Every structure is written in C-alpha cells, then in structure tokens.
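The values are calculated or read from the model by the stated rules, or taken from the named source; none is laboratory data. The shown structure was predicted, so the numbers you read here are calculated from the model rather than taken from an experiment. Cβ placement follows ideal geometry from the backbone for every residue including glycine, while neighbour counts extend to all protein chains displayed.
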Amino acid sequence: MLGSLYSDRPLAVSPALAATIGLEEAVMVHVLAELLTFRATEQLASHPGLDFVLLDEADMGRFFPFWKPADIDRIRLRLMQLDMLAYEPHAKDRGAAWYALQRMESAPRQSSRVRRRRGSTGPIPPNWQPDKEWIKQYKQQGIPEDFIHAQIAPFVLYWRERGEARFSWGNEFQRYVLKQWREEQAAAGARERFGAMDWTWQPDEVALEILVRDGVNRNFIEDAVAEFVLYWMERGVTRDAWNSKFIAHVQRQWQKLQAAGLYGLEPKPIVPDWLPGAACLEILQLARIDEEWALSQVPEFVLYWRENGEARESWNTIFLQRIKQLWAQRLQRQAVEESDAGDQVPAGAIGAEDRAWHQRITDRSWAE
C-alpha cells in the first residue's frame, strides 16, 4: 500500500519547514512522517515515548530513489543534529535501523521549535570541535582524519574574527573542509603533473588503460618504465605531461616489435645459435644500453633456456626483458661503488635509497 502511495502521490513539503531546516531535510521528514502513519511502529527502551518504524536498505532505496546512499546518510545525520530524528541501528540486521521523529505532531509546529532553538545560536566558541558523527561523515567521503583536524584551528579563527552566528557549525565546517580538500587535491594534481622526473615515477592508471586497450602487452609496459625514467632522469627535464610522453614512448617501441614480428609468433624452443634480431638491438640502442655488453649476455641466456626447454612466442622480447633488468642492476652497482668510494655520484645514477624501488620495478622473474 505504501509503495503504491509513493508511486502515485507527489511529495508535499511544508515551505516553512524547508526554509528552516533545508529542502532535503524537509523531504526526509515528510516521508518518515507518512511511514510512521502507515507502517507498524514500536517503542524502544532507549527512547521512551517515541514511535519507531523499522526500515532496511531496500526500503530507503525505494522511498528515496532520488538520493544516493551517501546522501541519505548525510541528510539523516543533519536531522539527528537538529534533534528532529532519533535513529537506532538494528541489533541483529546490519542493513536495518529504527527511525523516529522527535515528538513531531505537525511540520509547522516542529519548524517553529527548531527556528527558536537555531535562532539562539551564537558565535563559534573558541574551543569548538566537530563531533564524532561529523568526523565519520568526512572520512566516508575519503578525507583523511589528520587533514580534518588540521582545518579546525583556522576554521575557528576565521569565524571568531568575523563574529557571525551560524545555525550549525558542524554543517559550516563540512563545507569548509570539502572546499579545502578539493583545493588540496587540485594542487597535488598540479604538482604531480608538472615537475622533474624522479625514481618513484609510475604511469597512472589512465595511461596504463590506454596502452592495454591499444593491445600493448602489460609486461612490456612495466618493463618500459625503468628505461623511460632513466632516460629522462639523465636529462633533468621538467615536464607537465609525463604520462602522455610515456604513452608515446611505449607505443613507438611496441610498433617496432610488431613490425619486426617479435610478437604473435608460434611458441618454439630457443635454438643453440640464437642471436637477438636487428629490431631488438635497435630497441636496446634507444634505451641507451651498450650493444656489445648486451651481446655478451647471449651465451648465458641461450644456455639457460636450452636447459629449461620451454617454448616462447618471441625470444627477442624475453631477451629484452632480461637485458633491461641486468643493465639496471649494473647501473645500480656502479652508483653504489662510486658512492662508497667517496666520488660524486653522477646525475641520473641510482642512489642507495632508491634500491628497493628499483629492484621492485625491474626484478621480475624473467624465467617464469
């Protein structure tokens, strides 16, 4: 019956109540008032004298289809802070809760009571703090708790200097925190987009999705990170579009591999006289890896895979991965040796503090 009622009847909201507590809050009060009229109610020991109606998540979604769950939580919290709503989670069913309106006989009467109470609100106290429910709501929006607490002092100082009164300092603080958080996120994004390359750089998820969607092998993308970082670290260039630069870099190398037929071949074991192809050597050259040194690693590479006996689509790509790994380790050892000897470490060398990261990005089990 109630579902039919809400599908056929428009919501009638008191303009006076909406002007006093807000339109969204007034809508929730109206719906709950009708639910308390048409549904069975119970009284709870924690709130004697109040009639409660039990609603689960499905009910809230059906009666408030125009709000997301986060909006429902926000508006419910607002009514609780206005002392207009009593709310008790169900003891056994986590998805259900008890709802009651605080002795509300009619919307206009409740509106007048709230208006009188809110009208007496004065300037913000010097020791004002947001309550735990507000903190919980901020955290649900992904804002770190330490960031929230860091905003309290400047917020209080600002409103103490203005000397204005507010009906709900918690609500005002919420708007303030959200504004500061968005500005912080925007500033952090700008700092990340513009700057010099460093050893911690990684392509973001959007860049990875673009490359994978273009058909680039995921392992190939990951292997390209170390050489990309090394190349730009040595140049000390500052850019604001490293992800775009990385996408173009990987796409060029991937096209060279495909053009050379290094991917998509039938798996086969490595032959005893195997040597890397011209395209493979060209990619090593682009990565500034010494060709003579790379060729010196071929006998060990062939021996390992001859004994292993596995078949692979492209031995050139396996060799590329292995050489990049060994080259990065070689540069790391050189940097550590120069540092231990007291010499000045050249720009672009891998320092000791970067070992863990560099090992993680390069030390994949290439033999798997």
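Here are Ala335, Ala356: which of them is exposed (fewer than 15 other Cβ atoms within 10 Å of the Cβ), modelled with pLDDT under 80, in the same structural domain as Phe228 (by TED's automatic domain parsing) and in a helix (DSSP H, G or I)?
Values: Ala335 fails: exposed (fewer than 15 other Cβ atoms within 10 Å of the Cβ).
That would be Ala356, the only listed residue that is exposed (fewer than 15 other Cβ atoms within 10 Å of the Cβ), modelled with pLDDT under 80, in the same structural domain as Phe228 (by TED's automatic domain parsing) and in a helix (DSSP H, G or I).
When segment 286-298 is limited to residues that are at pLDDT 80 or above and part of a helix (DSSP H, G or I), the one that is nearest to Leu320 (Cα to Cα) turns out to be Ala294. In segment 54-97, what residues are surrounded by 12 or more Cβ atoms within 10 Å (Cβ to Cβ), at pLDDT 85 or above and assigned to a loop (DSSP other than H, G, I, E, B)? Result: Phe64, Trp67. Candidates in segment 1-52 are the residues that are aliphatic (A, V, I, L, M), over 25 Å from Glu88 (Cα atoms) and part of a helix (DSSP H, G or I); of these, the one that is modelled with the lowest pLDDT is Leu5. Each residue in segment 149-169 was checked for being modelled with pLDDT under 85 and of a type in the set (A, V, I, L, M), and 1 pass.
Remark: pairs (first residue in segment 140-163, in contact (Cβ under 8 Å) with a residue 40 or more places away in the chain; second residue surrounded by 11 or more Cβ atoms within 10 Å (Cβ to Cβ) and assigned to a helix (DSSP H, G or I); Cβ separation under 6 Å; 6+ apart in sequence or on different chains) are absent. Of all the listed residues (Leu262, Leu230, Leu275, Leu257), the sole one being assigned to a loop (DSSP other than H, G, I, E, B) and either at pLDDT below 80 or touching a Cys at 6+ places or on another chain (Cβ under 8 Å) (or both) is Leu262. Among the residues of segment 302-313, are any modelled with pLDDT under 65, part of a helix (DSSP H, G or I) and assigned by TED's automatic domain parsing to the domain that holds Glu222? No, segment 302-313 contains no residue that is modelled with pLDDT under 65, part of a helix (DSSP H, G or I) and assigned by TED's automatic domain parsing to the domain that holds Glu222. Figure legend. Inter-residue proximity from segment 205-229: first residues in the same structural domain as Gln253 (by TED's automatic domain parsing), second residues among the basic types (Lys, Arg) and modelled with pLDDT under 85, beta-carbon distance below 7 Å, spacing 6+ or different chains. Indicated pairs: Val212/Arg218; Asp223/Lys324; Ala226/Lys324; Glu227/Lys324. Each residue in segment 110-148 was checked for being assigned to a loop (DSSP other than H, G, I, E, B) and either modelled with pLDDT of 70 or more or acidic (Asp, Glu) (or both), and 11 pass.
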